[in-house]
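Report on one structure; see the data block that follows.
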C-alpha cells in the first residue's frame, strides 16, 4: 500500500484524487491546499486529512506525492519531495524557467526517485495507439509530423499575464508530443504568431495564434499550429507521414449520432475541452504512476521531458521575438547531456 | 444510504458491483451466488458479506437488490424481493415465459416497488442522445426504424439449447429498442431467419440470422436484422427516418486513429463486444437506478417493458415457426392492459 | 460504326443521347418522340434526323435502338425492334405486366438480338466496385443484404396513378440490386408498407413507405426499405454481411468539404437525385452497351433480368395486399425456366 | 465560334483538347507539338490540323491559344500570342524566372488579352465550394490556413534537375492556393526542407519534403507541408480556421465502399494522382476560359497570379537556402504594383 499526499485541491487536483483512490494499493492520506475550504472538501470526500506541506515531507509513511497545485509551487515541491525521498507525480510544467526546472531535474536525479510529469496526452487512448503503431513500424520511418492544438477559448487575461506566454503555457504539451512521437530532438525551431482573437491578449504582451516549425537532427520536420480560440470547441489532432504510410489521430466525439437534416449531414463537435477529452488519459497516467512505483515499469515521462519541453518553449519564444529560427544543438548523446547542452544552445 | 444485496457474482454481477459501489448513498452489503468462490471473491473486493437469499429478504436494512444471476432465477427473485418490499434492478430477461413474467409484473405492481429491467442500451450515450434528439422533434415524426444488431460470435451450443431461442435471447434487446425509440406498440410482427454460421445451431433447433419486420399501430415500420456472428466484431447500429430528416446511431471505436496504407484508409473495428460497447451504459443505468430510488426520478424501464419485449419475442418466434405474420392487438389503452391483451393476441 | 435510333427525347433520352454520341463507333441517326419539339431540339443538337418509328425499323443501316420513351411504349418497341433485328437498350421497366414482359423476352430470344435493360445502378462506380469485391471473395459467402432506397420527394399523384404502384415503379431497381448482388433467386417475398408522407398517395391507392423481406433459395436474407420522401435528398445505400466481413456502399457527396461550426461538424448532403447520383452510371451503361455490340462482351443485364425484377415486384405487391409472404419457387435450373416458373408460383 | 490552337500534345495537352472540344462555341483548329507523331495523333482525333507556331500567330481566324507545351516554351508563346492579339490559356508555371514572367505580364497587359493561368485547383469542386462558403462568411474572418500537398511519387531525377526546384515546380500550386483562399498577400515566408525519400534528389541539388510558413499583411498565418512521395497516393487537403469555425477540404475517393474486415474498417485510398483528382477541375477551368472569352466573365486567375506564385516560390527557395525568413513587402496597393514591388523585396 502506497500512502500518498496530494498538493492542490482545485480542478485538476480533484481529478487526480478520484483517479488515485481507484488504484489498488494506493491510499490518499493527506491533502494540502492554500485554500482551506478546497482542501477540507476534497479530503472529506476521500477520507483523507488536511495538513501542511511540512507534515507531508516529515511523514515517513508517505511514499509518493501528487502535485497539482499552481505552477509557481512546482519546483519547490519537487525539490523538497525529492529531498525527502518521495516519489513524485507533478502536473506540467515543471517550472517557467529553465534554470529552476534544471535544478529540479538534478534534485530528482540525486534522490533517485521517480518523477513523472503529467503530460497526459501520452496516455490518451488514440494518441498512445498511434504511437504504438508507429513504433511497430506500420508506416516505416516517420518523416513529417503535423500537430493541431486549439483551445475552445482563451483563459482570462489575468491568467495570461502570469502564464509565461503561449509557448510555455499552451505549446508545452505540443513540444512534448513532438519529442514523444518522433523520438527525436529539435535541431532548429522557428515560431510565427499573431494576436487575432482578442486585442487584450496583445496588450498583455502575448499572442493567441502560433505556427511553429521544428527540424530535427535526423532531418524530420514538425509543424505545430495552435490557437487559443475556436468556435467549435477543443481541437487536438495530429498526423504523421512516414515512408510507408500515414497515421492520423483525430478528435473524439461524445456520441456517434449522425444527423441528416435538410441542409447537411452532421455529427457531434469534439469533446468540449481537456477535462472531457483527456478523461481516460488522466486515469491512465495515474494508473501508470502506480504501475511504475509498484511494479517497476519504466516511467513514460520524466522531469527531463518536462525540462526538454520547456527548453523548446523558450527557443520558440525567442524565435518569435527575434523573427528568426533558433538552433538547438548538442555534441553529446546522453539524453541529459542533450538537455543541458540544449539549454546553452537555446540561450545563445 | 441504501444498503444493497447483489445476486450473481459472475461477469455481469462484477460489473454491477463495481458500478453500484461508486453511487453516492449506496452500499453493497451482501453478495449471493450459487458458486461460493465467486461470491467470496466479489464480496471481499467490496467489503461485503456472502449470505444466502433468505438472509437478504429477511434483513430489513436492505433497501434494494440487484439481480445478475442466471435467467432461470430472475422470476423467483423478483417475486420474493417484491414481497419483501425491496426495490429491484434485474438483468434482462424477466423470464423466458410470458406467464411467469406476467406474474412478476403483478407482484411488483402489488408491492409498489421499483423494478428496473437492465435494458442497458437505453443508457448508451449515443443511443440516448439520439432518443433525446428525436423526442425534441429534430427529425419530425418517426416513420421507419432500421435496427442492426450483430454479435461477434455465437455462444456455445450448450448455452443456445437453454437460451429460449434467438428471439428471446438476443432480439429481446432489439424489441426493447423498437418500443423505446418509436414510443409505439407493434401491430404485426413477421420474422424470417436462417442458420448460416454453424450447423450445430440448427441441430439445436435454433437459427443464427434473423430479419424481423414490425408494423406499428400508427403505421410506422421497423426492420430488425441480427446475426450471431460477424468477422469484424460487435455491430450495434440503428437509424430512424423521420418526416424531417434521419438520425443514425453508429458503432463506437476504441480509438480515433486513421491509417493510410498502400491499399486502403482504415480505422478501428467497433468495440469488441457488449462489455466494452456498453461500459458507459452499465454505469449510467446503475446511476439511474439510484437516482430513481433516492430522488424519485421516473424509471426509464419497468418490468412491463421486460414483459412487452418478451411478448414480441414470442410473437416473432411464432411468426418464424409458422411462416406468416402474427398480429398483436388490444382494445384497451392502459399500458398493462395492452401488455396483457397482447399476450392473448400473440397466443392466437 | 453502329448507327442508332433513339426513342424518347425527354429527360432520360437527353442523357442517353449525350452518352451515346461519345461512344467511339456509335452515331446517332434518328430521334423519335411523340413531342415534335423535343425530338427536333435533341436531333438538332446531335446532328440527327427526326423520323417516325416505322422509318427506324425499316432502315437496314440502323444497328441498334435506345428506348427512353414512356413505359407503356417499351414492350411494343422492344418487340418491333427485335423483329427487325435491331439490338436494344431499353430503360427499365420492360413493362408493367409480367405477360407482356414475357412476350418481350421471348421475342428477344427468338431474334437473337441483345437487349440490355437500363438498370443503371449496376454501373455505379461504388456499387460495381462492391460487387467486384464481393465476387472476389473479400467477405466470404454473402448472408444478409440490407438495401436502403429513398427518393427526395414523391412524384405528382397523377404520375403515381399510372405508375403501376410503388413496387413496380420504385422497388424494381431494388429487386434488381438484390438479384445482382446476391446472385441468387427469391424463395419468399414479404412486403409491408404504409402511407406516411402524403394522404393523396393513399387516395390514389398506393403507399409511400415499404419494408420488404426476401429469403433466397440458399437461405440468405434481404431486407429492403424504401421511402418516397426524405428531407435530406436521395438516399441509396446498401450493405452486405458475409461470412468473412461486411461491405457497405454509401451515398456520394458533391464535395468533400467538412465544416466545423458552433453546433456541429457537417458535410454535404448526398447527391440530390438520380440524375446526379447516377451520372457516371448512365455513361458507363451506354459504354457497356456498345462494348457488348462491338466487342462481344457479355451483357450485364438482359430482358430476363427485367422480367425477373417485375415478377418480384408483383409478388411484393401481392404480399402487401394479402398481408402474408408469397412464395416463388421453381423445379428447374435454367434462368428462363426459373423466370417462367416463378410467374406461375407468384400467381398462386 | 472561337477557333483555337493548342500547343503541346502530351498528357496535359490531350486533357485540354478533350475538354475544349466540348465547349459550345469552341473549335480546335490547330495542334502544335515538337513531336510530329503526338501532334498528328491528337489532331486526327479531333479533326484539327498540325501546323507550326508561326501559322497559328499569323492566322487571324484564331481567337485563342491553349499552351500545354513544356515550361521553357511558355514565356515565348505567351509573348507571341499576346503580340498577335490572341487570348491565352497557359499551364502553370508562367516561367521559372521572375523576370521572364514579369515580361509576360507586361506583354499581356499591353495587348489587353485574357491570359488565364492553369491553376486548376481553383476549379476543383471541393476547393471552390470551400472558397465560396468562406467568402460567404460562414466561418467569419480567416485566421490560419493549413495546406497539405503530397505527391504519390517523385518524378524522374532527370526531370527534377530541370524543374526549377521543388518550390517552383510543386509548391507553385500551394502558393496560389494560399493567395486565393486567404485573399491576402505574404508578408514573410520561411521554408524548411529535407530530402528523405531518395538520395538521388539530394544529389540533384533538390529536396523532397518541405514545410513553409507564411505570415500575411493582415496577420494571418499559413502553413504548407509537402512531400514528393507517399505510400498511399495523392494527398491534397487543406483546412482554414476562421473566427467563427473551420472548413476542411478533404481528398476525394474513387468509390464510397466501406469494408469491415477482421482487422479494420477501411475505405478507398484517395484518387491516385492529379489527372484523376482534378479531372473535374480541368473540365471546369476550360469551361471558365470560354465563359470569360464569350460571356465576359471575370477571369479567376491571371498572369499576375502566376507571377505572384512564382515570387513566393523564389522567396521560399531563398529562405530555405539562407535558413531565415524572407520578407515580401510593398508600399503600393494596386495588385500589379504589389507584385512588382514584391520582386524587389524578395530579391533583397
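Can you tell me which residues in the range B:58-79 are under 29 Å from residue B:168 (Cα atoms) and in contact with a strand residue (DSSP E or B) (Cβ under 9 Å, 6 or more places away or on another chain)?
Initial filter on the range B:58-79 (under 29 Å from residue B:168 (Cα atoms)): B:64-79.
B:64, B:65, B:66, B:67, B:68, B:69, B:71, B:73, B:74, B:77, B:78 - these are the residues of the range B:58-79 that are under 29 Å from residue B:168 (Cα atoms) and in contact with a strand residue (DSSP E or B) (Cβ under 9 Å, 6 or more places away or on another chain).
Pick from the range D:214-228 the residues that are part of a strand (DSSP E or B) and touching a helix residue (DSSP H, G or I) at 6+ places or on another chain (Cβ under 7 Å): which of them is surrounded by the fewest Cβ atoms within 10 Å (Cβ to Cβ)?
So the first thing to find is which residues in the range D:214-228 are part of a strand (DSSP E or B), and the list is D:214-216, D:221-227.
From the residues that got through so far, the ones that are touching a helix residue (DSSP H, G or I) at 6+ places or on another chain (Cβ under 7 Å) too are D:214, D:216, D:222, D:224, D:226.
On the way: D:214: 31, D:216: 21, D:222: 29, D:224: 25, D:226: 24.
Per the stated criteria, the residue is D:216.
Among (1) away from every other protein chain (no Cβ under 12 Å); (2) surrounded by fewer than 23 Cβ atoms within 10 Å (Cβ to Cβ), which single condition is residue B:188 missing?
Single failed check for residue B:188: (1).
Can you tell me which residue is farthest from the other protein chains (Cβ to nearest Cβ) among those in the range C:269-281 that are surrounded by fewer than 21 Cβ atoms within 10 Å (Cβ to Cβ) and either in a loop (DSSP other than H, G, I, E, B) or in contact with a strand residue (DSSP E or B) (Cβ under 6 Å, 6 or more places away or on another chain) (or both)?
Here the residue is C:273.
Among the candidates C:306, C:296, C:261, which residue alone is more than 18 Å from the chain's Cα centre (by Cα) and within 23 Å of residue C:4 (Cα to Cα)?
The conditions single out C:296.
Please go through the range A:205-256 and pick out each residue that is at the interface with another protein chain (Cβ under 7 Å from one of its Cβ atoms) and out of contact with any strand residue (DSSP E or B) (no Cβ under 9 Å at 6 or more places or on another chain).
Passing the criteria: A:244, A:254.
From C:231, C:191, C:211, which residue is over 18 Å from the mean Cα position of the chain (by Cα), in a strand (DSSP E or B) and free of Cβ contacts under 8 Å to residues at least 24 places away in the same chain?
Going through C:231, C:191, C:211 in turn, the sole match is C:211.
Contact list please: Cβ distance under 8 Å, first residue in the range A:140-155 and at positive phi and facing chain D (nearest Cβ under 10 Å), second residue surrounded by 19 or more Cβ atoms within 10 Å (Cβ to Cβ) and assigned to a strand (DSSP E or B), pairs at least six apart or on different chains.
A:140/A:242; A:140/A:245
Which is touching a helix residue (DSSP H, G or I) at 6+ places or on another chain (Cβ under 6 Å) and either modelled with pLDDT of 95 or more or under 24 Å from residue C:121 (Cα atoms) (or both), of C:314, C:276? I'd like the intermediate steps shown before the answer.
Details: C:276 fails: touching a helix residue (DSSP H, G or I) at 6+ places or on another chain (Cβ under 6 Å).
Of C:314, C:276, the one residue that is touching a helix residue (DSSP H, G or I) at 6+ places or on another chain (Cβ under 6 Å) and either modelled with pLDDT of 95 or more or under 24 Å from residue C:121 (Cα atoms) (or both) is C:314.
For the range A:194-204: of the residues being under 22 Å from residue A:146 (Cα atoms) and part of a loop (DSSP other than H, G, I, E, B), which is farthest from the other protein chains (Cβ to nearest Cβ)?
Of everything passing the filter in the range A:194-204, A:195 is farthest from the other protein chains (Cβ to nearest Cβ).
Sort out for me the strands (runs of 3 or more DSSP E) sitting completely within the range B:76-178 that have 2 or more residues that are buried (at least 24 other Cβ atoms within 10 Å of the Cβ) and within 14 Å of the chain's Cα centre (by Cα).
Counting at least 2 such residues, we get B:87-91, B:115-118.
Have a look at D:266, D:262 and point out the one that is in a strand (DSSP E or B), modelled with pLDDT of 95 or more and touching a strand residue (DSSP E or B) at 6+ places or on another chain (Cβ under 9 Å).
D:266 is the lone residue from the list that is in a strand (DSSP E or B), modelled with pLDDT of 95 or more and touching a strand residue (DSSP E or B) at 6+ places or on another chain (Cβ under 9 Å).
Within the range D:102-116, identify whether any single residue is within 13 Å of chain C (Cβ to nearest Cβ), without any contact (Cβ under 8 Å) to a residue 60 or more places away in the chain and touching a helix residue (DSSP H, G or I) at 6+ places or on another chain (Cβ under 7 Å), and answer yes or no.
Within the range D:102-116 (the criterion being within 13 Å of chain C (Cβ to nearest Cβ), without any contact (Cβ under 8 Å) to a residue 60 or more places away in the chain and touching a helix residue (DSSP H, G or I) at 6+ places or on another chain (Cβ under 7 Å)), the answer is no, since none of the residues qualifies.
Out of curiosity, is residue D:284 within 18 Å of the chain's Cα centre (by Cα), closer than 25 Å to residue C:127 by Cβ and within 13 Å of another protein chain (Cβ to nearest Cβ)?
Spelling it out, it is not the case that residue D:284 is within 18 Å of the chain's Cα centre (by Cα), closer than 25 Å to residue C:127 by Cβ and within 13 Å of another protein chain (Cβ to nearest Cβ).
The values are calculated or read from the model by the stated rules, or taken from the named source; none is laboratory data. It should be emphasised that the depicted structure is a prediction, and the values quoted were computed from it without experimental measurement. A quick note on method: Cβ atoms are made from the backbone with ideal geometry, for glycine too, and the neighbour counts reach across all protein chains shown.
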